[in-house]
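Heads up: the structure comes next, in structure tokens.
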């Protein structure tokens, strides 16, 4: 992860030097230390820092509040105010600019770090929320064209974004109001909750946008030459690293190499979804098997697990968006992955089927038309 870049705007040289030294020891990058409004605006434009520490009471005609307004009108950068003894009217002016935090001088190193981390987390949350709203608006526009997409949009707007947004809001409020009294472990726990909820929204957005492309007919298939044995091996190795010792992943194929024309992105998404589900819904210590073989003019891929299985009453709805079986409990998921997997197979003019028994596991079988690669083709 790249180190956070911070611009310090402070007209007391000794204070500015102390802050810069403290932040550098914490691992932050100080892009500049300036003492005036004009210098602050120029430095913000030049360096595009991740955060600005702004002294409210700058010397000169333009104070830190006006400077902050000017910077925020040009750049989407969070500002944290530094203040000593500001009067009530000044603080009211500062609140109107929507700052991401205040630090009261003199302050401790821990308070400085906490204010910066909270501001950065809140800013990232706002960015992700804006993305979510933009995606929802895009879906709303598509929904006007087809009733199916309209239902999809309504489902997302009313439910799917609600849980992570609630978690983010609650954790942010706790950090803003009680960070100074909060033990370090609790503060990190709340920051992790924000990050986890943000990641959840990102995954949901990716799935929703891809499903929207499929449903609107804008997702096209692009066949490229791929060597499938190494393709599958690479995926298994990647997921095994993620699963660690909790699950055992295995790949079997009766050929050393199978060269075929596929849409690499869609097949990767398809297999990744099936394998991640197999891992997610399997007990600790369970095994997951991926097999690949040629059957006549078909590529046959199977993913077999020893997981919780799918209740019979949910099997007919398994490939519908947002449908999840009742036995998943608290296992996280959006209910979109299998819907997109099914549509990925459809775009290949293939078939996907499954056999499942509750408590005994599930086997998904994917059959895709086998298009051999032309002679002399360079493989992915």
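Just so you know, all these numbers are worked out from the coordinates, no wet-lab data involved. For clarity, every value in this text was computed on a predicted model and none was experimentally measured. All Cβ positions, even for glycine, are placed from backbone atoms using ideal geometry, and neighbour counts span all protein chains on display.
Multiplying each eigenvalue of the alpha-carbon gyration tensor of the range 5-107 by 5 and taking the square root yields semi-axes of 19, 16, 12 Å, largest first, rounded to whole angstroms. Taking each residue as 0.36 nm, the span from residue 188 to residue 39 lengthens on full extension beyond its C-alpha to C-alpha distance by 50.2 nm. Per-peptide packing, taken as the mean over residues of other Cβ atoms within 10 Å, places 34-46, 271-283, 14-26 in the sequence 271-283, 34-46, 14-26 from highest down. Counting other Cβ atoms within 10 Å as a rough exposure proxy, the listed residues 123, 247 run 123, 247 from fewest neighbours to most.
What the Cβ-Cβ distance of residue 296 and residue 90 gives, at R0 = 51 Å and to the nearest 0.05, is a FRET efficiency of 0.05. This ranking places 356, 344 by how few other beta-carbon atoms lie within 10 Å of each, fewest first, which gives 356, 344. A simple spin-label model places pseudo-atoms 7 Å from Cα toward Cβ; at residue 230 and residue 107 they are separated by 5.3 nm. For residue 66, project a label point 7 Å along Cα to C-beta. Then give me every residue of the range 11-34 with its amide nitrogen under 11 Å of that point. Within reach of a label on residue 66, which here means backbone N under 11 Å from a point 7 Å along Cα→Cβ, the range 11-34 contributes nothing. The distance between label points at residue 346 and residue 124 comes to 3.6 nm (points 7 Å beyond Cα on the Cα→Cβ vector). Per-residue extension of 0.36 nm, minus the Cα-Cα distance of residue 272 and residue 13, leaves a gain of 87.8 nm for this segment. Return the distance in nm (one decimal) between the two label points of a simple spin-label model at residue 313 and residue 170, each offset 7 Å from Cα along Cα→Cβ. Modelled inter-label distance: 2.9 nm. Cβ crowding within 10 Å, taken as a proxy for footprinting-reagent exposure, orders 121, 242 from fewest neighbours to most as 242, 121. Convex hull volume of the Cα atoms of the range 224-369, normalised per residue: 107 Å³.
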